[in-house]
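What follows is one structure encoded as structure tokens, with my remarks underneath.
Derivation of every value follows stated rules applied to the coordinates shown; laboratory data play no part. Being a predicted model, the structure only gives us computed values, none of them experimental. Positions of Cβ are backbone-derived with ideal geometry, glycine not excepted, and every protein chain shown enters the neighbour counts.
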Amino acid sequence: METIDFRMNNPRNVDFHGVTFSFHAGNIATFDADTAVVSSDPQFSMRNGAARAISDRGGLPFRAAFEVALATNDRDYLVIDVSEIDTLSFTNIIVIPVRARHRNSMRVIYRMALKAAIDNGHERVVMPLIGCDDSGGFHISVHQGCRDLKEAVSTFSQFGPIRDICFIDTSSGTTDELAQMFESLDDLPNILGASQDPGALPVVNDDGIEFLRNIPGPSVQNEIAFDGPPPAPIGFNPIVEVVDVVAPRPDREDDTPKYWKVVDRTEFPTAGTSSDESLANPCPICLCDLATSSLGKSDPADLESDPVVKLVDCIHMFHLTCITQCFENKKQCPMCMRQYENTVGSQPAHGKMTVRNVPGRVPGHPRAAGWLRIKYSIPIGIQTPRHIRPGVPHAGTTRTAWLPDDEGGREVLGLLRRAFDQRHIFTIGDSITTGQKNVPVWVIHHKTSQSGGPTDFGYPDPDYYDRVKEELAQVGITSDD
């Protein structure tokens, strides 16, 4: 497919700190550059704007690369390797998550985007305006969006390896306004002012919120150690606007996650009882009595160094040494499978969940106002290393499920929404019901019929709420969170 070199035949260039900025109208997916920086929602759905354009042009190979990137991602933003995709002329795609708190200003998002592009070491970068259409729900005016971008750029005094940045929009009117605004880039005032404390450094925390940290000492060039996010790297000027003010985190004596609490061995019986909380019971991991250490020793020093702990969300007790090693692999109770951290499942990306109220009588739920009809849509794609046959295409599906519109049904619906966001509703596998291979299959069982009882996956089923909440709890989704 034909691509566009944004460096050719473009009279509207602006040079700033060694970088040439250019402005084009068109489809970002058709441009030739080292990297494209786009935005998406926090779940990286890639459903709107420039992200959607790139996803559509990349097709199934892009979806496969996206799934691999998502499964291995350990950063606040996503980097997708697209160097082997013939329909895209980029080395990678950087996706910056946009959250609701940014809806009044995109300065923080633009700063994060530029910083990510610098960190990834490429020379030619393309970016769209963010939030200036209705697709992402932000409704920022074009003028405000252009000014946000200009002010974000002005906070950088150097751009690392970047030599060319092209800003792209589908509207030529937008790129014209942006080009005119960038002609006065050097004239942008520093809103912090000359009287601002020179020890105040801009910091972007893990959520992308900017705040000021006053660092004591005569010079900001000193090497300072402090608790909290690191100061901005050299190359940033003081920030143009403080979007939110966040207090530094207080010092904590114990950074251990509170997954468990230590119990006093003297408070529990050691023999003659069948209680789950009896120390006569063995540790489920090492099988040594809880009255001893994990090595079976009863010396006071051994007991003190290896106490008994009880997980906070269930009644199960273990030796501290045993459960610590267990949680290093997966933060899940080995007895009841209760999750102790938010996890991301293997449900394919780009799915959709919709809910509608439907009138009708619900068997077994006389007080229900009607039905809650849930529709799931999972598109076709390529299996990732988290699936049974990586690299093999998988089918898509559309499924309909039903819940009573009563208090219990609405509670379960809220849990299912969270599970869908964390990609726990489906995985890719082989259907036991139909025998089909490489298809979306349920992880959390749903009622797909309105009648017929449990044997027909319908109602009435008085135990369904309890069963589905148990399944949700096993993937870390509970009403207590």
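Remark: segment 280-398 is approximated by an ellipsoid whose semi-axes, taken from the C-alpha gyration tensor as √(5λ), come to 45, 24, 10 Å, largest first. The ranking of LYS261, LYS331, LYS297 from fewest to most other beta carbons within 10 Å of each one's beta carbon is LYS261, LYS297, LYS331.
Most exposed first by the Cβ proxy, i.e. fewest other Cβ within 10 Å, how do LEU372, LEU290 rank?
Numbers: LEU372 22, LEU290 25.
With the sparsest Cβ surroundings first, the list reads LEU372, LEU290.
In straight-distance terms, cross-link reach from LYS469 covers every one of the lysines whose alpha-carbon lies under 26 Å from its own, apart from those fewer than eight places away in the same chain; here that gives LYS258, LYS261, LYS310, LYS330, LYS331, LYS352, LYS375, LYS447. In terms of surrounding Cβ atoms within a 10 Å radius of their Cβ, HIS446, HIS424 rank from fewest to most as HIS446, HIS424. Note that segment 336-443, at 20 °C in a medium of 1.002 mPa s, gets a Stokes-Einstein diffusion coefficient of 140 µm²/s from its Kirkwood radius over C-alpha pairs.
Grab the Cα-Cα distance for ASN13 and ALA71, subtract it from 0.36 nm times how many residues apart they are, and report the gain in nm with one decimal. Mind showing how you got there, number by number?
Numbers: separation 58, 0.36 × 58 = 20.88 nm, distance 3.87 nm.
Fully extending the segment from ASN13 to ALA71 adds 17.0 nm.
The simple spin-label model puts a point 7 Å past each Cα toward its Cβ; for SER305 and ASN357 those points are separated by 6.3 nm.
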